[in-house]
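Values quoted throughout were computed directly from the atomic coordinates according to the rules given, and no laboratory measurement underlies them. If you're wondering where the values come from, they're calculated on a predicted model, not measured in any experiment. Backbone-built Cβ (ideal geometry, glycine too); neighbour counts: all protein chains shown.
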Amino acid sequence: MRNPYAYQNNELYCDQVPLAAIAAAVGTPCYVYSRDAILRRYREYDEAFGAHPHQVCFAVKANSNLAVLALLARAGAGFDLVSGGELYRVLAAGGDPAKVVFSGVGKTDEEFAYGLESGIHSFNCESPAELVRLSAVAARLGHTARVALRVNPDVDAVTHPYISTGLSENKFGIGIAEVEQVYAHGAGLPGLSLIGVSSHIGSQLLDAGPLEEALGKMLALIGRLRGAGFTVSHLDIGGGLGVPYEAHEQRPPVAAFIQRVCERTAGLGLTLMTEPGRSIVAEAGALVTRVLYRKQNGQKQFVIVDAAMNDLIRPSLYRAHHEILPLRESWEEREPVDVVGPVCESGDFFAKDRRLTPLDSGDLAALLTAGAYGMVLSSNYNSRPRVPEVLVEDGTWRVIRERETYADLVRGESL
């Protein structure tokens, strides 16, 4: 699929809009997203299922801007969420609660009640204790909660340890050997309707092999559950397919993977659910920043930009790679530099010893593949206002989140 970020007449564009024009109008740093890229990625999932009963639920934790959620809701997406705040955002954006699944290992009674009273599709429950709590809340409110048990299949996702969720050492899910006992326990609790099982083994998988291994384990489990007399009509295969952050990486074939899932579940009477997040929005987004200074310490060259780890923490948190492109195309010889921000931490960096074309004070650059886990992980560290977000659509653009002010930093505080 076409990359939304490309050079035209030596200027870096997002679709039909030059990024420099956005930077001139809203300032830097700023996040920019391509509407068309988001919709293309969502439809790639949705259309791959064909006629198989399914729901594609966007993982709100990847990007929770109201305009992004509204865009996906209008396209027919459901939503996977992990907090009451994310449910509030989905409803405010016009999302259909009947297409919402509530995941997460530590839901509160208040969040259970909010989900039930909003009429969400189901909860992915992760422990026997959670089933008991949800049962009590549902019975008290006079609701029936649809539940899928989140299974930990003990499959190595071969990804960063912070985003691996499918091993027995991780906090997520119920051990696959215990599921039949827990399913029987849950089926006997008031206020609950157990509809199936769910699995999510981790994020940023460039190889679908571990997902297919987990699917095999889940299908065998469903066979055992049905053999024991339980109703299983729902299978949530989770998310996790990654995106290429570096030039040598290859995007996993989303459509081919989904089609294999449909083939393996054909005739089993299962409604399928998937929860992609990163693979829908990551490549649609960029963080635009301006160079403040160049600095040399000994043999080390630093490019100091106005964006910082509080704006995009992925490099500091995961040592994640983001391609960095100047907004004006250059063919000058590349040089090794560290691209760093102004935050008072040595961990405030975007690239180390990266060979880039020369960037000087005042130059603009874009950190690509920043549409997922960028703005949602941003903070006010060092009392820095959070940056604006911009959506490019139909050859123009609009601000979908205003830049915070200094007054916003102290809102709610008192002397």
Taking a straight Cα-to-Cα line shorter than 17 Å from K99, and setting aside same-chain lysines fewer than 8 residues away, one finds K61
Computed for region 231-297: size of charge dipole around the Cα centre, +1 on C-beta of each Lys and Arg, -1 on C-beta of each Asp and Glu, debye to nearest 20, value 420
Listed with the fewest Cβ neighbours within 10 Å leading, V155, V32 appear as V155, V32
The long-range amide H neighbours of F350, using H built 1.01 Å from N in the peptide plane and a cut-off of under 5 Å, are V339, V340, G341
Note, region 333-346: 3J(HN,Hα) by Karplus (6.51, -1.76, 1.60, θ = phi - 60°), whole Hz, Gly/Pro = x, goes 4, 6, 9, x, 9, 9, 9, 10, x, x, 5, 7, 8, 5
Helix-only [θ] at 222 nm, the chain, -39500 (n - 2.57) per DSSP H run of 4+, per residue, nearest 500, equals -8000 deg cm²/dmol
Length gained if E263 through H52 is fully extended, taking 0.36 nm per residue and subtracting the Cα-Cα distance, is 75.0 nm
The size of the Cβ-based charge dipole (Lys, Arg +1; Asp, Glu -1) of the chain about the Cα centre, to the nearest 20 debye, is 360
For the chain, averaging the sequence separation of alpha carbon pairs under 8 Å that lie six or more residues apart and dividing by its residue count, the contact order in percent is 19
Given Cβ charges of +1 for Lys and Arg and -1 for Asp and Glu, the option among V68, Y45, A6 whose Cα lies farthest towards the positive end of the dipole of region 1-145 is A6
Between Y7 and residues 5 or more places away or on another chain, the pairs with built amide H atoms under 5 Å apart involve Y13
So for R0 = 45 Å, FRET eff. of Y7-N380 from the Cβ-Cβ r, to 0.05, ends up at 0.85
With Cα springs under 10 Å, the Gaussian network model of the chain assigns the largest mean-square fluctuation among T28, T369, T396 to T396
DSSP beta bridges in region 177-320: the antiparallel percent, rounded to 5, is 45
Measuring from the longest principal axis of the C-alpha atoms of the chain, the long axis of helix 35-48 (C-alpha) lies at a number of degrees, nearest 10, equal to 30
Rounded to the nearest 5, the percent of antiparallel DSSP beta bridges in the chain equals 50
If amide H atoms are modeled at 1.01 Å from N in the peptide plane, then the residues at a separation of 5 or more from L327, or on another chain, having amide H under 5 Å from its own are L364, A365, A366
Options (1) 59, 54, 47; (2) 69, 54, 43; (3) 73, 62, 42 for Cα extents along the principal axes in Å; the value derived from the coordinates is listed as (2)
GNM on the chain, Cα springs under 10 Å; top mean-square fluctuation among A282, A320, A228 goes to A228
Nearest-0.05 FRET efficiency for A136 and H248 at R0 = 41 Å, using Cβ-Cβ distance, is 0.20
Footprinting proxy, D207, D348, D360, D306: sorted fewest to most Cβ within 10 Å, the residues are D360, D207, D306, D348
Two pseudo-spin positions, 7 Å from Cα along C-beta at S193 and at A407, lie apart in nanometres by 4.9
Relative contact order as a percentage, region 267-363, C-alpha pairs under 8 Å and 6+ apart, gives 29
Given unit charges at Cβ for Lys, Arg (+) and Asp, Glu (-), the dipole magnitude of region 104-274 about its Cα centre in debye, nearest 20, is 520
With Cα springs under 10 Å, the Gaussian network model of the chain assigns the largest mean-square fluctuation among G269, G173, G229 to G229
From fewest to most C-beta neighbours within 10 Å, the residues S83, S118 line up as S118, S83
Once the dipole of region 104-274 is set up from charges on Cβ (+1 Lys and Arg, -1 Asp and Glu), the residue from the list G175, Q204, V147 lying farthest towards its positive end is V147
